[in-house]
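To start, the structure itself, in structure tokens.
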Amino acid sequence: MSTNTIQNDFSQGKVWRIILNQAIPLTIAQAVQVLYNVVDRVYLGHLPGSDSLALTGVGLIFPIVSLITAFCNLFATGGTPLFSISRGAGQKERAETILNNTFTALVLSAVVLTAVGYLFRKPILYAFGASDATYVYANAYLTIYLAGTVFSMITTGMNGFINAQGFPRVGMLTIILGAVLNVILDPIFIFALDMGVRGAALATVISQVVSCLWVLRFLTGPKALLKLRRDRMLPDPKLLKEIVTLGIPGFIMAGTNCLVQVTCNATLKLYGDDLYIGIMTVINSVREIFSLAVTGLAHGAQPVIGYNYGAKKYDRVRSGIKFMAVVSACFTAVCWVLVLTFPKFLLALFSSDAQLVETGVLAMQIYFFGFVFMAGQQAGQSTFVALGKSRHAIFFSLLRKAVIVFPLTILLPRIGGLGVNGVFLAEPISNLIGGLACFTTMVLTVWPMLRREEAKLQNS
């Protein structure tokens with residue numbers, strides 16, 4: 001057995017320590033990834049002469065990014081847990097085929113999305129809430145950003161397979177390389193070369209290319225336990241069906257994010273104006289920052305939980321779930337306090353527009369109310385995905401966004417004169433109902449299932 005194989009056996013050692021060993025580099029990577037995405041908005045929010053229009057224009061790209069992420073999740077969040085379960089069960093050939101089929105699916109879907117984006121970007125942007133004033137900025141950014149779709153999807157989708165093999169530091173470097181390059185190039189292109197939003201998009205694409213090359217180099221190199229191989233890239237319909245079935249929850253989560261973002265923008269435009277779309281852009285950016293530790297922890301825990309489930313170490317599965325849930329709840333509670341205490345500071349990070357900062361305080365405090373309940377959704381959802389329970393994961397993905405947030409975003413502004421505040425209120429309501437329902441169901445279904453599996457193991 002190779003040294004790498006021994007080091008990456010998740011069934012040995014303290015579960016919480018293994019999860020942290022996975023999660024800390026991934027959280028750093030998530031933090032850098034957020035920086036990667038957010039730095040454009042910070043620079044553009046302070047772009048001279050644009051007020052908040054440049055920031056709002058880039059905010060209109062969010063639904064498109066969410067749609068691209070949805071297709072990335074369809075294959076990556078389906079392939080990675082299947083890969084971990086197969087690796088834990090000692091099925092190396094199957095695991096490697098999963099890795100390669102996921103790569104093929106990501107590339108093909110990226111090509112299609114790029115073509116559709118270029119053909120229909122104008123009607124898409126207006127449908128997503130653009131005005132004549134903000135379309136100029138949104139179109140300038142999107143025209144360049146779409147060129148990086150293939151590189152972005154390969155980087156995001158395949159980096160999970162590096163982490164799942166027990167190389168979280170390599171996965172962290174994937175993101176750091178691109179993010180650092182983006183931070184360096186942004187001010188050069190935006191300000192020094194006077195490219196504005198086009199410069200921000202170009203910096204992002206170049207950074208995506210570099211990160212993609214790093215991922216491909218590792219997964220075809222000698223350190224990877226399981227690699228990208230041409231002879232395994234031919235699509236296997238049966239295996240792709242398994243990947244897509246398990247990836248549907250991730251697809252729905254990002255896809256419904258797209259739906260909700262479009263609905264929010266359209267409703268904010270109806271009851272307010274471009275200013276409120278700018279406020280929502282800032283709020284989403286702050287949410288990305290505050291969600292990164294929880295997301296990093298979940299991504300670190302999933303391969304550990306999946307591996308131990310495949311290895312039939314059910315007590316370790318329970319320990320991993322408990323640790324993930326408790327830490328997530330504590331962190332989101334701290335974030336909630338920070339929003340209540342320092343809303344102006346957080347808003348001012350992203351915009352020098354005094355009106356946006358003053359108007360955004362109430363909106364931000366409403367949006368983040370009860371943020372701690374998001375931890376329940378994340379812990380429950382991640383557990384279902386890690387254990388391959390696709391139906392439960394799909395249901396709760398749909399419940400929170402499609403069943404709760406989407407209709408509330410449309411209905412609440414019409415009730416009691418709430419107006420734009422109703423749009424921001426939909427999020428905390430969905431966190432409360434969706435988070436409690438998902439976590440409670442996970443405990444009531446997964447715990448008895450693990451006890452039954454233990455009993456079978458003891459009697460065999």
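Odds and ends about this structure:
- Share of pairwise Cα separations in the chain, more than 30 Å, in percent: 43
- Share of carbon and sulfur in the accessible heavy-atom surface of the chain [1.4 Å probe, %]: 67
- Gyration tensor (Cα) of the range 41-97, equivalent ellipsoid semi-axes in angstrom: 43, 11, 6
- Hz values of 3J(HN,Hα) by residue in the range 214-221 - Karplus curve (6.51, -1.76, 1.60), Gly and Pro given as x: 4, 4, 5, 4, 5, 6, 10, x
- Rounded to the nearest 500, the 222 nm mean residue ellipticity of the chain from helices alone is -27500 deg cm²/dmol, with -39,500 (n - 2.57) taken per DSSP H run of at least 4 residues.
- FRET efficiency for THR245 and VAL112, using Cβ-Cβ distance with R0 set to 22 Å, rounded to 0.05: 0.60
- Helix 374-386 axis versus longest C-alpha principal axis of the chain: approximately 40°, rounded to the nearest ten.
- Projected label points at VAL210 and ILE429, each 7 Å from Cα along the beta carbon direction, are separated by 4.5 nanometres.
- Net lengthening on full extension, ALA354/ARG391 (0.36 nm per residue, minus Cα-Cα): 8.7 nm
- Largest accessible area first, the listed residues ARG400, ARG94, ARG17, ARG318 line up as ARG17, ARG94, ARG318, ARG400 when surface is computed with a 1.4 Å probe on the assembled protein chains.
- Cut-off 18 Å (backbone N to label point 7 Å along Cα→Cβ of LEU234), residues of the range 70-98: 93-98
- Using the Cβ-Cβ distance between THR441 and ASP194 with R0 = 60 Å, the FRET efficiency computed as 1/(1 + (r/R0)^6) comes to roughly 0.65.
- Alpha-carbon centroids, the range 172-200 and the range 82-124: separation in whole Å: 27
- The range 406-458 and the range 232-309 have Cα centres spaced 15 Å apart.
- Sorting the segments 111-118, 126-133 by their mean number of nearby beta carbons within 10 angstrom, highest to lowest, gives 126-133, 111-118.
- With R₀ fixed at 25 Å, the C-beta to C-beta distance from ILE184 to LYS322 puts the FRET efficiency at about 0.05.
- Relative to one another, the C-alpha centroids of the range 338-379 and the range 126-140 are positioned 25 Å apart.
- With Cα atoms as the point set, the radius of gyration and Dmax of the range 138-224 evaluate to 14.1, 43 Å.
- Whole-Hz couplings from phi, Karplus 6.51/-1.76/1.60, listed for the range 101-113; x for Gly and Pro: 5, 5, 4, 4, 5, 5, 5, 5, 5, 5, 4, 5, 4
The values are calculated or read from the model by the stated rules, or taken from the named source; none is laboratory data. Not measured: the values here are computed from a predicted model. Backbone-built Cβ (ideal geometry, glycine too); neighbour counts: all protein chains shown. Surface areas here come from the heavy atoms of the whole protein model, side chains and all, with no ligands, DNA or RNA. Shrake-Rupley method; radii C 1.70, N 1.55, O 1.52, S 1.80 Å.
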